[in-house]
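This report concerns only the one structure given below.
The values are calculated or read from the model by the stated rules, or taken from the named source; none is laboratory data. The structure displayed is predicted, hence computed values, not measured ones. Here the Cβ positions follow ideal geometry from the backbone for every residue, glycine too, while neighbour counts run over all protein chains shown. Remember, those area values only see protein heavy atoms, side chains included, never the ligands or the DNA or RNA. Shrake-Rupley method; radii C 1.70, N 1.55, O 1.52, S 1.80 Å.
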Amino acid sequence: MACLLWSCGKKKADDPMGDNGRTQRTENLLYHLKEISSKGYLFGQQDATLYGEGWADDSARSDIKTICGDMPSLVGFEIGGIETGDSLNIYSTPFNLIRKEIINQYDRAGVVTLSWQCKNPVRGGSINDIMEGGSKHEAFLGWLDKVADFMNSLETPYGVKVPVIFRPWQENGENRFWWEDSVCTKEQYLALWQMTQERMKENDVVNVLYAYSPLATEDASESHYTARYPGDELIDILGINYYCHAEEGDTTALATFTKTLDKNLRMLTKLGKKAGKPIAITETGYRSIKSDNWWTENLSKAIGKHPISYVMLWRNGHELANHYYVPFPGQRSTEDFVKFYNEPRTLFLHDINGMYLEKKESKSKE
């Protein structure tokens, strides 16, 4: 009888639509991503609540929380594998668990971003095969439909669609992906973006913001960044991917990372202002963090006063040796990470509120 009363008493929340074909909460998130950069930037990590160094499957936990007592304000998840109907993503995490953790992060008032390392639909063939008129076009549309189904399943028990930042077709310059410029022409890449968003609209996906995230370049070339840009009408957030690859003790490589990231953020700031869009570091990190003060002396200094909305660190892969990008108890950069956490411009979960509410200001550290 108690269950029946609970079921009867549960009311569906209001989830109104905004002016741009997305939910109002999704539009509000975009608004706050623009506004928050004047105060600071969200700090995020991939798979932060799914697992960490020596643990897994505890949504109330993260390595970040263990170190500083606070959760990341942004958590990223990977949906590669959803397109072929797999039950696990490419890191062997069940999609049911990912869905649960996305809703948990929303319930904490945090922000969610999704990456998609899509499998190759044309292995041994041409990318043209998935384009309109191609032999695998209909099959690929079916893949996009599965992505759309997942987006539409991100709904709270009260009927609210969880807004997410979606980051498909990212580039990292390592030729890992079948859509990178070494194998995919500009025309094909732009058609891929167009096809993706048209299919999401046809499937009534209304809770997604789109982030563009090519690799940062040494010369921070604006022309290189915009060469394959899908267009202001398709992109909501301008981002870059850039990792630190310094060997232990290589101060020159550490300095190069800081200098290069700073230059790219200067370029991105200019483009963001021109387009009226928030900017972000959509992927970064220093594997195994082989420096005592990387957080304050390299990452923080590179970001400086650049008006980014968020920075996303990569995952602490518990299944891999020395594959971590944020510290944990005993890791050499732990003390420096706490200093980084206490900087006024780094915004963790305790520092934000109202990201989905209309014109609600976020709190900042004082």
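Things worth noting here:
- Loop-located GluC sites (Glu not before Pro) in the stretch 173-242 (DSSP state not H, G, I, E or B) with no more than 16 neighbouring Cβ atoms inside 10 Å: E174, E218, E233.
- Debye log10 I(q)/I(0) at q = 0.20, 0.27 Å⁻¹ for the stretch 260-307, Cα point scatterers: -0.70, -1.04
- Here's the picture: a label point sits 7 Å out from the Cα of N293 along the beta-carbon direction, and within the stretch 231-252 the residues with their amide nitrogen under 19 Å of it are 246-252.
- Based on protein heavy atoms only, the chain ends up with 43 Å² per residue of surface accessible to a 1.4 Å probe.
- Shape class for the stretch 248-362, computed from the alpha carbon gyration tensor (a ≥ b ≥ c): oblate, with a/c not under 1.5 and a/b at or below b/c.
- For the chain, averaging the sequence separation of C-alpha pairs within contact (under 8 Å, six or more residues apart) and dividing by the residue count gives a relative contact order of 23 percent.
- Sparse-neighbour loop sites [trypsin sites (Lys or Arg not before Pro); the stretch 280-332; at most 12 other C-beta within 10 Å; DSSP]: K305
- Here the contact order of the stretch 259-366, divided by its residue count and restricted to Cα pairs under 8 Å and six or more residues apart, works out to 24 percent.
- Size descriptors for the stretch 70-218: radius of gyration and Dmax over Cα atoms are 15.7, 51 Å.
- The stretch 35-111 - Rg over Rh from alpha carbon coordinates, Kirkwood radius: 1.01
- At an R0 of 22 angstrom, the distance between the Cβ atoms of E247 and K339 translates into a FRET efficiency of 0.40.
- Cα gyration tensor shape of the stretch 138-234, rounded if a/c is under 1.5, else prolate or oblate by comparing a/b with b/c: prolate
- Of the residues T334, Y324, A302, the one whose Cα sits farthest toward the positive end of the charge dipole of the stretch 287-366, with +1 on the Cβ of Lys and Arg and -1 on the Cβ of Asp and Glu, is A302.
- Percent antiparallel among DSSP beta bridges (both partners in the stretch 26-141, rounded to 5): 25 percent
- Gyration tensor (alpha-carbon) shape descriptor, the stretch 93-141, a/c threshold 1.5: prolate
- Within the stretch 141-191, the trypsin sites (Lys or Arg not before Pro) that combine a DSSP coil assignment with at most 11 other C-beta atoms in a 10 angstrom radius are R176.
- Compactness of the stretch 197-299, expressed as Rg and Dmax over alpha-carbon positions, Å: 16.1, 52
- Remark: spin-label model distance S223-R332 equals 4.1 nm, labels positioned 7 Å along the Cα→Cβ axis.
- Annotation for D145 and K273: the two label points, set 7 Å from Cα along the Cα-Cβ direction, are 4.7 nm apart.
- Cross-link partners for K11 among the aspartates and glutamates, with Cα-Cα distance under 19 Å and sequence neighbours closer than 8 places in the same chain left out: D107, E155.
- Rounded FRET efficiency, nearest 0.05, which uses the C-beta distance separating W178 from M17 and R0 of 35 Å: 0.50
- Label point of T185 set 7 angstrom out along Cα-Cβ; within the stretch 115-153, amide nitrogens under 17 Å from it belong to 125-135.
- Nitroxide proxy distance, nm - points 7 Å out along Cα→Cβ at K119 and S38: 4.7 nm
- Calculated [222 nm] ellipticity per residue, helices only, for the chain: -9500 deg cm²/dmol; basis is -39500 (n - 2.57) per DSSP H run with n ≥ 4, divided by all residues, nearest 500.
- Beta bridges per DSSP, both residues in the chain: antiparallel share near 10 percent.
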